[in-house]
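J.: Below is a structure I'd like to ask you about.
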Amino acid sequence: MASPLKNVVIVGASGNLGTHVLQAILSTPTINTTILTRTTSTSTFPAGLSVIKSDYSHSSLVSAFKNQDAVISIVGNAGFSEQPKLIDAAIEAGVKRFIPSEFGNNTADERVRALAPLLEGKKAIVEYLREREERLSWTAVITGPFFDWGLKTGFLGFNLQSHEATIYDDGTIPFSVSTLAQIGRSLVAILQNPDVTANHYVYVESFTVTQKQVLGALEKATGQDWKVTDVELKPLIEESAERFKGGDFSAVRILLLAAGLARFPDGSYGDWEKVVDGGSWNERLGIKKEDLDEVVGGLVNLN
């Protein structure tokens, strides 16, 4: 059995997800954490934390990754295409595990990629890693939509300020979701279980839920009935696909959302118990699921 991965570099630790991942890892005393940022970055981090600034040249990255067990990439769109640079440097530096910037829809499913073609870029990074897995192991973490972020921003169709909900395809399709904190805990579990998670897509979740269940939790937490608008996703998907082909990237939201909770003739694509052999990895990795009412209640109180 391989030892836990203890020396870890996080790339993209200042972002929305990155801050939660950093918090989870810093809360684990057995993990030694280093942050990699660009030389131009103005991001700040907790005092005493090792921070390496890089110009992203190969030699600079190799130097940053020396004596590290794992690299976790949480880069956003701007840095996504540069992940092969990180991977090549990690191999030369002798890193054991690379975790690419996945964290979302199930990009292993060709139906999902056909629905949202921009996800082909994520699949390409995993294929780049597969071709090199004799020298560097990898884990691609599939989380479903970010639940707390999705509620706060309206991505999931709920407006916490106006108490209005858009319910798609009758709201009864189960889909797996993860909070940002749960993703952080999942990464810790992956680092602590390197044998089990090597060269795999790993599916984690806070819970599997329907839109109607989320609406019920929100009405319970707010003590109010919400205004509901019912929407059929199929025409929206068709319209959004055409807009995306024309270069309108605002259409991406509907395509990504549909990959989780739309009702397709061959079933839904976002329920790990239905689309993944063995279901979610939570039990295998010792990751407790969260309680929907507790999570929603916390978000409503913060809002």
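The values are calculated or read from the model by the stated rules, or taken from the named source; none is laboratory data. Small disclaimer: the values here were computed from a predicted structure and weren't measured. Positions of Cβ are generated from backbone atoms using ideal geometry, with glycine treated the same way; all protein chains shown enter the neighbour counts. These accessible areas exclude ligands, DNA and RNA; they are computed on the full protein's heavy atoms, side chains included. Shrake-Rupley method; radii C 1.70, N 1.55, O 1.52, S 1.80 Å.
J.: If we count every other residue with Cβ under 14 angstrom of E219's Cβ, Lys/Arg +1 and Asp/Glu -1, where does the sum land?
T.: Numbers: positive: K212, K220, K227; negative: E164, D225, D293.
Summing Lys/Arg as +1 and Asp/Glu as -1 gives 0.
J.: In the chain, carbon and sulfur make up what percent of the accessible area (probe 1.4 Å)? List each step's numbers first, then the result.
T.: Numbers: 6690 of 13610 Å².
Carbon and sulfur: 49 percent of the exposed surface of the chain.
J.: In percent, what relative contact order does the chain have, based on Cα pairs under 8 Å that are 6 or more apart in sequence?
T.: On the way: 551 pairs, mean separation 54.2, N = 303.
Relative contact order, the chain: 18 percent.
J.: In addition: Kindly rank 187-198, 111-122 from highest to lowest mean number of other beta carbons found within 10 Å of each residue. Working shown, then result.
T.: On the way: 187-198: 20.1, 111-122: 17.4.
Highest-to-lowest ranking by the protection proxy: 187-198, 111-122.
J.: Just to confirm a number: summing +1 for Lys and Arg and -1 for Asp and Glu over residues other than L236 whose beta-carbon lies under 13 angstrom from that of L236, what do you get? If you can, show how the numbers build up before the last one.
T.: Details: positive: K234, R243, R253, R263; negative: D169, D230, E232, E238, E239, E242.
Result for the neighbourhood of L236: -2.
J.: For region 107-203, would you read off the P(r) tail past 21 Å as a percentage of all alpha carbon pairs? Intermediate results must be reported in sequence, preceding the final value.
T.: On the way: 2285 of 4656 pairs.
For region 107-203, the fraction of Cα-Cα distances above 21 Å is 49 percent.
J.: Related question: Work out the FRET efficiency for R130 and E294 from their Cβ-Cβ distance, taking R0 = 41 Å, and round it to the nearest 0.05.
T.: Details: r = 38 Å, r/R0 = 0.93.
For R130 and E294, the calculated efficiency is 0.60.
J.: Write down, largest first, the equivalent ellipsoid semi-axes of region 234-303 in whole Å, where each equals the square root of 5 times an eigenvalue of the alpha-carbon gyration tensor. Could you put the intermediate results ahead of the total?
T.: Details: eigenvalues 174, 81, 23 Å².
After diagonalising the Cα gyration tensor, the semi-axes are 29, 20, 11 Å.
J.: Ranked from highest to lowest mean number of other Cβ atoms within 10 Å per residue, what is the order of the peptides 123-131, 136-144, 152-160, 63-71?
T.: Values: 123-131: 15.6, 136-144: 24.4, 152-160: 17.7, 63-71: 20.1.
Per-residue mean Cβ counts within 10 Å order the peptides as 136-144, 63-71, 152-160, 123-131.
J.: What do you get when you divide the Cα radius of gyration of region 38-103 by 2.2 N^0.38 Å, with N the number of residues?
T.: Numbers: Rg = 11.8 Å, N = 66, 2.2 N^0.38 = 10.8 Å.
Dividing the Cα Rg of region 38-103 by 2.2 N^0.38 Å gives 1.09.
J.: Now, a different point. If the chain between N199 and L118 were fully stretched, how many nm would it gain, using 0.36 nm times the residue separation less the Cα-Cα distance?
T.: Values: separation 81, 0.36 × 81 = 29.16 nm, distance 2.28 nm.
Taking 0.36 nm per residue and subtracting the Cα distance, the gain is 26.9 nm.
J.: Where does helix 16-26 land angle-wise versus the long Cα axis of the chain, in degrees 0 to 90, nearest 10?
T.: Tilt relative to the chain: about 50 degrees.
J.: Please report, for the Cα atoms of region 36-164, the Rg to one decimal and the Dmax as a whole number; what are they, in angstrom?
T.: Over region 36-164's Cα set, Rg and Dmax evaluate to 17.1, 53 Å.
J.: Given the Cα-Cα distance of D230 and T42 and 0.36 nm per residue of separation, how much length would full extension add, in nm?
T.: Working: separation 188, 0.36 × 188 = 67.68 nm, distance 4.37 nm.
Stretched fully, the D230-T42 segment lengthens by 63.3 nm.
J.: Using 0.36 nm per residue of separation minus the Cα-Cα distance, give me the extension gain between T19 and K212 in nm, one decimal. Could you put the intermediate results ahead of the total?
T.: On the way: separation 193, 0.36 × 193 = 69.48 nm, distance 3.01 nm.
Additional length available on full extension: 66.5 nm.
J.: Same structure again: Among DSSP beta bridges lying fully in the chain, give the percent that are antiparallel, nearest 5. Show your work: numbers first, answer last.
T.: Details: 5 of 34 bridges.
Counting DSSP beta bridges with both partners in the chain, the antiparallel share is about 15 percent.
J.: Out of the GluC sites (Glu not before Pro) in region 173-243, which ones are loop residues according to DSSP with at most 16 other C-beta atoms within 10 Å?
T.: Numbers: sites: E205, E219, E232, E238, E239, E242; in loops: E205, E232.
Loop-located and lightly packed - E232.
J.: Another question, then. Using a ≥ b ≥ c from the Cα gyration tensor of region 1-61 (square roots of the eigenvalues), is it rounded, prolate or oblate, where a/c under 1.5 gives rounded and otherwise the larger of a/b and b/c decides, a/b for prolate?
T.: Details: a/c = 2.11, a/b = 1.33, b/c = 1.58.
Verdict is oblate for region 1-61.
J.: With labels modelled as points extended 7 Å from the Cα through the Cβ direction, what inter-label distance (nm, one decimal) is found for N32 paired with F249?
T.: If labels sit at N32 and F249, their model points lie 3.8 nm apart.
J.: If you don't mind, there's one more thing I want to ask. Just the number, please: Stokes-Einstein D of region 181-274 in µm²/s, Kirkwood Rh from C-alpha pairs, 4 °C, 1.567 mPa s. Don't skip to the answer; put the middle values down first.
T.: Values: Rh = 16.5 Å.
D, rounded to a whole number, is 78 µm²/s.
J.: Hey, how many Å between the Cα centroid of region 1-34 and the Cα centroid of region 62-105?
T.: One Cα centre to the other: 13 Å.
J.: Right, here's the next one. Whole number please: convex hull volume per residue, Cα atoms of region 132-289, in Å³.
T.: On the way: hull volume 21.9 nm³, N = 158.
Per-residue hull volume (Cα only) is 139 Å³.
J.: Mind listing P(r) for region 170-233? All alpha-carbon pairs, 10 Å bins, whole percents.
T.: 18, 34, 26, 17, 6
J.: Report the local net charge at H163: Lys and Arg +1, Asp and Glu -1, summed over other residues whose C-beta lies under 12 Å from its C-beta. Walk me through the numbers before you get to the answer.
T.: Details: positive: K227; negative: E164, E219, D225.
Once positives and negatives cancel, what remains is -2.
J.: Provide Rg over Rh for the chain; use the alpha carbon set for both Rg and the Kirkwood Rh (inverse mean inverse pair distance).
T.: Working: Rg = 19.5 Å, Rh = 20.1 Å.
Expressed as Rg/Rh, it is 0.97.
J.: Here's something else I'd like to know. Sort 24-32, 274-282 by packing, meaning the average of other beta carbons within 10 Å per residue, with the highest value first. The partial results should precede the final answer.
T.: Details: 24-32: 15.1, 274-282: 17.3.
Going from most to least packed, we get 274-282, 24-32.
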